[in-house]
Amino acid sequence: MAGSVGLALCGQTLVVRGGSRFLATSTASSDDDSLFIYDCSAAEKKSQENKGEDAPLDQGSGVILASTFSKSGSYFALTDDSKRLILFRTKPWQCLSVRTVARRCTALTFIASEEKVLVADKSGDVYSFSVLEPHGCGHLELGHLSMLLDVAVSPDDRFILTADRDEKIRVSWAAAPHSIESFCLGHTEFVSRISVVPTQPGLLLSSSGDSTLRLWEYRSGRQLHCCHLASLQELVDPQAPQRFAASRIAFWCQENCVALLCDGTPVVYIFQLDAHRQQLVYKQQLALQHQVWDVAFEETQGLWVLQDCQEAPLVLYRPVGGQWQSVPESAVLKKISGVLRGNWAMLEGRRAAGLREELDEHFPRCLRGTRRTVVLGAPWCQHCTVLEVMVSAGWVSPARNPGSAGADANFSSLYKATFDNMTSYLKKKEERVQQQLEKKQRRRSPPPGPNGQAKKMRPGEAALSC
């Protein structure tokens with residue numbers, strides 16, 4: 001989601017992004033000092049040719065919203081909050097084009113042939129941009145009536161899979177996106193992530209704000225298995241929040257392992273896909289001491305974990321005797337960690353940018369806010385304290401240190417809002433009924449007169465009281 005720190009791996013190329021910048025380096029050898037750094041805030045600004053009618057010109061700050069590699073790793077693409085799609089060639093690193101998109105994007109992916117990149121946005125549309133013609137305009141492929149959170153493509157490029165805020169996963173034909181093959185229905189909250197299983201092209205993994213990880217046969221829309229993550233979390237920490245969404249699904253082809261990272265929890269869940277029985281088998285939880293920003297598998301190394309710790313920003317896990325364990329710091333790990341420490345301001349800068357975005361989204365939801373000022377370049381509700389705004393926006397929990405901002409702010413505003421207006425209504429109704437009964441009782445039993453005798457009623461009062 002928008003504005004989060006991210007980690008991407010393809011082959012032996014590792015990319016870490018934060019704020020408006022990303023850096024790319026190699027995991028091949030400690031002697032390889034190649035480093036590429038790109039700052040989106042310094043990229044060229046273009047007029048919005050593809051701007052929607054309801055989307056005003058947005059200068060933005062260049063904060064990276066989403067990024068991805070192509071299948072071979074030859075290309076890398078990202079989108080930022082200035083509504084731009086930036087395409088790179090990775091061998092060697094070179095910026096090929098800067099194109100404008102209609103609205104701020106939430107996810108993007110390359111098709112398997114690497115001829116196009118698909119971009120999903122907040123309005124529910126998916127646009128395709130040519131890779132072979134890096135300066136070509138975007139083409140509208142399909143649309144939802146709800147905000148899109150993720151997009152994926154089948155390995156044979158026949159289907160486009162989209163996940164939206166309204167609990168749906170839609171499978172559309174790529175050649176004719178208006179033709180829908182199926183829906184994968186079952187989630188009860190927004191679908192945060194989807195991922196086609198590389199070793200089983202007909203299977204799909206999905207995660208949601210309902211705290212579940214599900215396995216689908218996506219062409220038929222049939223659910224094969226469902227894992228309830230809240231029950232797994234209770235085994236480790238009974239006080240942990242019962243509602244959380246996955247911010248990353250990573251798959252390791254060597255042993256059919258699935259790594260799942262959830263927002264608000266410094267835990268990585270490890271599952272194994274049993275292809276024969278078509279179900280997910282829970283294996284292990286990797287508990288870390290710091291907030292986990294992102295995870296990614298490297299086929300030859302293992303699981304890389306990017307965390308909020310300047311001393312040890314990266315941790316590498318490998319399976320040892322059936323259990324995943326962190327490996328001692330190698331020369332390659334030392335080299336990459338040193339590069340991240342030298343560019344730590346890039347990751348820290350993401351927090352300020354993310355806070356501005358969360359405060360901007362908070363104000364319309366604050367029922368008490370009537371005025372606002374500008375703090376950190378964002379609207380600020382004068383009726384809420386700093387911590388109150390951050391808690392309300394989901395940036396921190398009441399028990400968490402506000403300085404340790406994680407990646408869990410991105411899904412807080414997507415949950416269904418529930419309003420209990422029946423309790424107060426029934427209470428007021430009961431009070432009204434009780435008052436009416438008391439009035440009737442007083443009329444039937446008039447108060448005694450001055451001599452202790454009941455007050456005589458006038459001839460017309462009896463008829464009026466009936």
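The values are calculated or read from the model by the stated rules, or taken from the named source; none is laboratory data. Everything quoted here is computed from the prediction, not taken from an experiment. In this analysis, Cβ positions are derived from the backbone assuming ideal geometry, glycine residues included, and neighbour counts consider all displayed protein chains. Surface accessibility is based on the protein's heavy atoms, side chains included, excluding ligands, DNA and RNA. Shrake-Rupley method; radii C 1.70, N 1.55, O 1.52, S 1.80 Å.
For segment 122-269, what is the relative contact order in percent, using Cα pairs closer than 8 Å and at least 6 residues apart in sequence? Spell out each step's value before the answer.
On the way: 339 pairs, mean separation 19.8, N = 148.
Across segment 122-269, relative contact order equals 13 percent.
Remark: segment 89-212 carries 36 Å² of accessible area per residue (probe radius 1.4 Å; ligands, DNA and RNA excluded).
Comparing Cα centroids, segment 162-239 and segment 267-285 end up 15 angstrom apart.
Considering only protein heavy atoms and a probe of 1.4 Å, how much of the accessible area of segment 274-320 is carbon and sulfur, as a whole percent? All intermediate terms of the calculation are to be shown ahead of the outcome.
On the way: 890 of 2010 Å².
Roughly 44 percent of what the probe reaches on segment 274-320 is carbon or sulfur.
In the assembled protein chains, Arg170 presents an accessible area of approximately 30 Å² (probe radius 1.4 Å). For the pair Gln223 and Arg444, label points projected 7 Å from Cα toward Cβ lie 5.4 nm apart.
Using R0 = 22 Å, the C-beta based FRET efficiency linking Arg158 and Glu255 works out to 0.20.
Computed with every protein chain present, the accessible area of Met422 is close to 100 Å² [probe 1.4 Å]. Cross-link pairs exceeding 23 Å in C-alpha to C-alpha distance, out of Lys122/Lys168; Lys91/Lys116; Lys71/Lys334, comprise Lys71/Lys334. Using the Cβ-Cβ distance between Val320 and Thr423 with R0 set to 56 Å, the FRET efficiency works out to roughly 0.55.
Please give the per residue accessible area of segment 218-314, computed with a probe of 1.4 Å over protein heavy atoms only, in Å².
On the way: 4070 Å² over 97 residues.
It amounts to 42 Å² per residue over segment 218-314.
Using a simple spin-label model with pseudo-atoms 7 Å out from Cα toward Cβ, Gln434 and Ser34 lie 7.8 nm apart. Available extension along the chain between Cys137 and Ala287 is 49.5 nm, counting 0.36 nm per residue and deducting the alpha carbon span.
In what sequence, largest accessible area first, do Val305, Val327 appear using a 1.4 Å probe? Don't jump to the answer; show the numbers that get you there.
Working: Val305 0, Val327 30 Å².
Heavy-atom accessible area, descending, gives Val327, Val305.
Counting protein heavy atoms only, segment 110-246 has 52 percent of its accessible area on carbon and sulfur, 1.4 angstrom probe.
Zone of Glu115 (label point 7 Å along Cα→Cβ, backbone N under 19 Å): which residues in segment 133-149? Within reach of a label on Glu115: 133-142.
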